[in-house]
Amino acid sequence: MGLASEQEVWRSPQQVHAVGSSPLCARLPGLSPGQDKQCQLYQDHMAPVGRGAHAAISECQHQFKERRWNCSAAALDQTLFSSVMKVASREVAYLHAVTAAGVAHAVSRSCRDGHLSSCGCARSGRPRDLHRDWIWGGCGDNLEYGYKFTQGFVDVRERERKLRRGSREQARALMNLHNNEAGRRAVIKKSSVTCKCHGVSGSCSLITCWQQLASFREIGDHIKEKYDSATEVRASRRGRLQLRDPRFTLPTASDLVYLDESPNYCVRDLTVGSLGTQGRHCNRTSHGMDGCNLMCCGRGYNTQKMTVRERCDCKFHWCCYVECKMCTQTVEVHTCK
């Protein structure tokens, strides 16, 4: 799905519906035949799909901002749901998971907000451990609908293709499906029951509870943990994925899997999703991945002095404003050669 097009296409649900299915879906590059059919049927869903895709890329860039691969190439990809990255690395695994999570999160919230014609507030069952005097039934995020819609819309790209059993292409499709599922499950796992007191002067005489999504940052953090512990797999002749090293524990449906080792991302190569690290900022004193030695891949770095003006010595005045001074300081900026 093209990010450049999203700025033009992703409007309010009412605006999207008014565009008409054919013009709208034709303006979304990279949709598979099955996704195009889903677009025709659920045109009012395309606005939250776009918001979810944007949120996924933003979260990816946040999580990897201090790594050689910082998700920038993915942000430039004009067909988000059909990544041009040929290497089936753990970075691709993360992208699929966070994108599926982003769409599920946005659609679930749009149901609750009344923006979609085919869903509304959640109808999930009352938790068994909820206090018996508390009322279950506030307008919760519709996680079940968000999960099912995303499963149909995102996964159809892999399921509609006819691939030879045991082939590399089938293994990649199975990998993508597995990581899509892990992303959707992350949305459900991080959700929680939220309650609110009602009553005169905060008496809390009535308590209403509902199911609520976690912030997308929490979900992104969770998927990043799964990225760090992702499992390497390979294709089997039976058309399944199996552990490359049998000494490791079998991954669950909530874990990420990948087929290929990650490249070093030091040089520009868009086929592996790398823009290279030339010109990237680095931390001269850090020994981590953001340090100039590792970030610059041993090529060295340039240092430039810059003058920065920023607010300082801020004081709060009763009532009610903050007064600050403007301070000037010279800082060193290091960029990779």
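A 25 angstrom limit on the alpha carbon distance is what I want to check against. Which of Lys86/Lys190; Lys65/Lys190; Lys196/Lys224; Lys65/Lys315 exceed it?
Numbers: Lys86/Lys190 31 Å; Lys65/Lys190 23 Å; Lys196/Lys224 31 Å; Lys65/Lys315 32 Å.
Over 25 Å Cα-Cα: Lys86/Lys190; Lys196/Lys224; Lys65/Lys315.
Between (i) 5, 25, 35, 23, 9, 2, 0; (ii) 6, 25, 32, 25, 11, 2, 0; (iii) 5, 21, 26, 23, 17, 7, 1, 0, which entry matches P(r) over Cα pairs in 10 Å bins from 0, in percent as derived from the coordinates of this structure?
Identified label for the calculated read-out: (iii).
How high is the relative contact order of the stretch 117-252, in percent, counting Cα pairs under 8 Å that sit 6 or more residues apart?
Values: 150 pairs, mean separation 35.2, N = 136.
Normalised by residue count, the contact order of the stretch 117-252 is 26 percent.
Please report the relative contact order for the chain, taking Cα pairs under 8 Å with a sequence separation of at least 6, and give it as a percent rounded to a whole number.
Working: 633 pairs, mean separation 56.8, N = 337.
Relative contact order comes out at 17 percent.
Any chance you could look up the accessible area of Ile135 with a 1.4 Å probe, heavy atoms only, rounded to 10 Å²?
Answer for Ile135: close to 80 Å² accessible.
Search the structure for amide H atoms under 5 Å from the amide H of Thr231, placed 1.01 Å from N in the peptide plane, and list their residues when 5 or more places away or on another chain.
The list, which skips near neighbours in sequence, is Leu256, Val257, Tyr258.
Calculate the length of the line joining the C-alpha centroid of the stretch 255-278 to that of the stretch 148-227, in whole Å.
Answer, in whole Å: 25.
Exactly which chymotrypsin sites (Phe, Trp or Tyr not before Pro) in the stretch 258-337 are in a DSSP loop and have at most 10 other Cβ atoms within 10 Å? Intermediate values should be presented prior to the final figure.
Numbers: sites: Tyr258, Tyr265, Tyr301, Phe316, Trp318, Tyr321; in loops: Tyr265, Trp318.
For chymotrypsin sites (Phe, Trp or Tyr not before Pro) across the stretch 258-337 that sit outside H, G, I, E and B with at most 10 neighbouring Cβ atoms in 10 Å, the list reads Trp318.
Under the 0.36 nm per residue contour assumption, what length would be gained going from the current alpha-carbon distance of Phe316 and Arg238 to full extension? Intermediate results must be reported in sequence, preceding the final value.
Working: separation 78, 0.36 × 78 = 28.08 nm, distance 6.79 nm.
Value of the extension gain: 21.3 nm.
Let me know the charge dipole size of the chain about its Cα centre in debye, to the nearest 20, where only the beta-carbon of Lys, Arg (+1) and Asp, Glu (-1) is charged. The partial results should precede the final answer.
Values: 48 positive and 33 negative charges, 155 e Å.
About 740 debye.
With runs of 4+ DSSP H residues as the only contributors, calculate the mean residue ellipticity of the chain at 222 nm using -39,500 (n - 2.57) per run, divided by the residue total and rounded to the nearest 500. Intermediate results must be reported in sequence, preceding the final value.
Working: 11 runs with 132 residues, N = 337.
Dividing the helical sum by the residues of the chain leaves -12000 deg cm²/dmol.
Looking at the chain, which longest stretch skips every one of the GluC sites (Glu not before Pro) that is in a DSSP loop with at most 14 other Cβ atoms within 10 Å, leaving the sites themselves out?
Details: sites that count: Glu160, Glu261.
In short, 1-159.
The values are calculated or read from the model by the stated rules, or taken from the named source; none is laboratory data. Just so you know, these numbers come straight off a predicted model, no measurement behind them. Every residue, glycine among them, receives a Cβ derived from its backbone with ideal geometry; neighbour counts consider all protein chains shown. Note: areas computed on protein heavy atoms with side chains; ligands, DNA, RNA excluded. Shrake-Rupley method; radii C 1.70, N 1.55, O 1.52, S 1.80 Å.
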